[in-house]
Amino acid sequence: MGLPQRASLALALLSSLASAQQVPDGYPAGYAELIRAAEKEGAVTIYSSTDSKSVAGVLQAFQGRYPKIKVEFVDQSSNEVYTRFTSEFAAGQGTGDLAWGGADTAVKLIEDGIAAEYTSPETGNLRPGANYRNAAYSITYEPIVMIYNKRLLPAADVPKTRQELTRVLTEKREAYRGKIGTYDVERSAAGIGFLGEDSRAFPDTAWPLFKAMAQADLKFFTSNGTMVERVASGEIALAYNLAAANIAERLKTDTTIGMIVPCDYTLYLTRTAIISKKAKHPNAAKVFLDYLLSKEGQQKLADKSIGSIRTDVQNNPVLQRPAECKNERALMPSPERLVVFDPVWRGGFLKQWKTVLQAK
């Protein structure tokens, strides 16, 4: 064998070893081949309703571990993620690689035949229910909370439960008129998802609260970020049913905002990912998904106060519920999540919601 041939063989061996060394502990030996295929694809495209600023750390860490895979991250609402994936799929020209939105969006993409099956090596490290049909994987576990302006809400009025908030708004309606906000259920997927879940799972608590908020001239918003800013500025005193991601991070530096993890019951958002059957970079999508679910990736998310789907990762302490608190209800991917797409349920909820608003 001549020198050029030996050099070529040595370089190929070194390249193979470099990829093999990237295989995380506990992964199958064949995973090195998946990494090589992903690196050959050279990119991964993610459509996500998760704010890119919130996940910048995990994206940078992935890029550092896999520098040959360029990350293309597209911020969109959950509705936009679903619409873009379905339209691209129908066009037959290939789609984005990974959709990362609410669990309801992920399950609907599975039901529509768009999501590919893939068994992640990280499955055994996740909370029960986080892997749905080896096609949808919950990435986060975030409490749905209330936030308030500490200057505008006296300590005696800070509610620990929804029943306490209902009482405060009933007894002090004029004091808080126009000062309470929540999602617009007709324009926001998160709004109908969270408020709709309240009405389905705990109707005896939810509807009296909705009525009390409506009678206090409830204000409507389409995003978490806008509500956080309105509370911080004092335009509203309290915002109801926000995902805790970003808020817990902001609390580290903003002393004007307080956060309440409701004690009567707590809903948990699980931002969930699927890989498209027509992904242009399917191998890179698998490697990216596995990294998101890995302990390293999950810790990067937790470092930005986004609740981890793993139990072996340290979350921001403000995301924890007091031990004495009651029901914990996770919006995990399951057939139950399809209810928000059911026109009969949706129509019934919106009709009752409008009746409550008109009765104010």
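Every residue, every condition in (1) surrounded by fewer than 17 Cβ atoms within 10 Å (Cβ to Cβ); (2) in a helix (DSSP H, G or I); (3) under 20 Å from the mean Cα position of the chain (by Cα); (4) of a type outside the set (Asp, Glu), yes or no:
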site: Met146; (1), (2), (3), (4): no, no, yes, yes
site: Ala156; (1), (2), (3), (4): yes, yes, no, yes
site: Val168; (1), (2), (3), (4): no, yes, no, yes
site: Met213; (1), (2), (3), (4): no, yes, no, yes
site: Asp217; (1), (2), (3), (4): yes, no, no, no
site: Phe220; (1), (2), (3), (4): yes, no, no, yes
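A quick yes/no check of all residues on (1) closer than 19 Å to Asn131 by Cβ; (2) touching a residue at least 24 places away in the same chain (Cβ under 8 Å); (3) under 18 Å from the mean Cα position of the chain (by Cα):
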{"position": "Leu292", "(1), (2), (3)": "yes, yes, yes"}
{"position": "Gly307", "(1), (2), (3)": "yes, yes, yes"}
{"position": "Cys325", "(1), (2), (3)": "no, yes, no"}
{"position": "Glu336", "(1), (2), (3)": "yes, no, yes"}
{"position": "Phe349", "(1), (2), (3)": "no, yes, no"}
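Would you point out which residue out of Ala99, Ala106 is of a type outside the set (Lys, Arg), modelled with pLDDT of 95 or more and touching a helix residue (DSSP H, G or I) at 6+ places or on another chain (Cβ under 7 Å)?
On the way: Ala106 fails: touching a helix residue (DSSP H, G or I) at 6+ places or on another chain (Cβ under 7 Å).
It is Ala99.
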Gln358 fails exactly one of (1) more than 19 Å from the chain's Cα centre (by Cα); (2) closer than 30 Å to Ala91 by Cβ, namely (2)
Just one listed residue, out of Glu235, Glu249, is acidic (Asp, Glu), assigned to a loop (DSSP other than H, G, I, E, B), out of contact with any strand residue (DSSP E or B) (no Cβ under 6 Å at 6 or more places or on another chain) and closer than 23 Å to Lys53 by Cβ, and it is Glu235
Flagged in the range 303-348 as at pLDDT 95 or above, among the β-branched types (Val, Ile, Thr) and open to solvent by 70 Å² or more (accessible area, probe 1.4 Å), in numbering order, are Val344
Log entry, pairs with first residue in the range 37-57 being among the acidic types (Asp, Glu), second being modelled with pLDDT under 95 and open to solvent by 30 Å² or more (accessible area, probe 1.4 Å), beta carbons closer than 7 Å, six or more apart or on different chains, reads Asp51/Asp75; Asp51/Asn246
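The values are calculated or read from the model by the stated rules, or taken from the named source; none is laboratory data. Predicted model, so just to flag it, every value in this text is computed and none were measured. In this analysis, Cβ positions are derived from the backbone assuming ideal geometry, glycine residues included, and neighbour counts consider all displayed protein chains. Accessible surface areas use protein heavy atoms only, side chains included; no ligands, DNA or RNA. Shrake-Rupley method; radii C 1.70, N 1.55, O 1.52, S 1.80 Å.
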